[in-house]
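Enquirer: Take a look at the following structure, please.
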Amino acid sequence: MKSEHHLLLKVMKNFEGMNKIDVFDMLQKIEVLLFYASSPITKYSIKSIIEADLDQKKDVDPFHFTILPNGNFCEFKGSNAWLHLYQEKRRGIFRFSLFNRYYFKTKYAPLELLILNKRNLLENIENTPLESKVKIFLKKHRPAEKDAITDRFLILDLT
């Protein structure tokens, strides 16, 4: 038990000086990373998970939970084999805004939560098999465009 306390102190020293919300975000990224890691954990296996593309069979983010740096939460909105979409849940006076802000994660960078826009999407899937399909899609549609009948994001139909 005492060794656990020493290990916890050792880990927490790495977070010294950081904002609490940044620490929560980092811990969530570590949790997702550990989901893909095998036991026992080595720095080489962690490095290979971070650098390598993930296997097609694995989920992008199995937890569907994220806290943004501004302290707001993201709600999971939909997914396909390579993309997860989230909507920011605003607090305070801005919660009744007319425009929603959407974020995404891909299997090519499962630890990154980025604002859903053309530039971020194209940068994230650069040099992947999906790049040409997404470019064609983005010439015709906006990234956050939804089907009027089903209210499903059109980009989720790309596979």
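The values are calculated or read from the model by the stated rules, or taken from the named source; none is laboratory data. What you see is a predicted model, and the numbers here were worked out from it, not measured in a lab. Virtual Cβ from ideal backbone geometry, glycine too; neighbours counted across all protein chains shown.
Enquirer: Scan the stretch 49-82 for residues that are surrounded by 11 or more Cβ atoms within 10 Å (Cβ to Cβ), at pLDDT 75 or above and not aliphatic (A, V, I, L, M) and report the count.
Expert: Total meeting the criteria: 11.
Enquirer: Which of the residues spanning the stretch 1-20 are modelled with pLDDT under 85 and either closer than 28 Å to ASN124 by Cα or among the basic types (Lys, Arg) (or both)?
Expert: Scanning the stretch 1-20 gives a single hit, LYS2.
Enquirer: Given the structure, is LYS105 out of contact with any Cys (no Cβ under 7 Å at 6 or more places or on another chain), of a type in the set (D, E, K, R) and assigned to a helix (DSSP H, G or I)?
Expert: No; evaluated as a whole, the condition is false for this residue.
Enquirer: Go over the candidates PHE153, PHE104 one by one and state the one that is under 30 Å from LEU34 (Cβ atoms), touching an Asp or Glu at 6+ places or on another chain (Cβ under 8 Å) and buried (at least 17 other Cβ atoms within 10 Å of the Cβ).
Expert: PHE153
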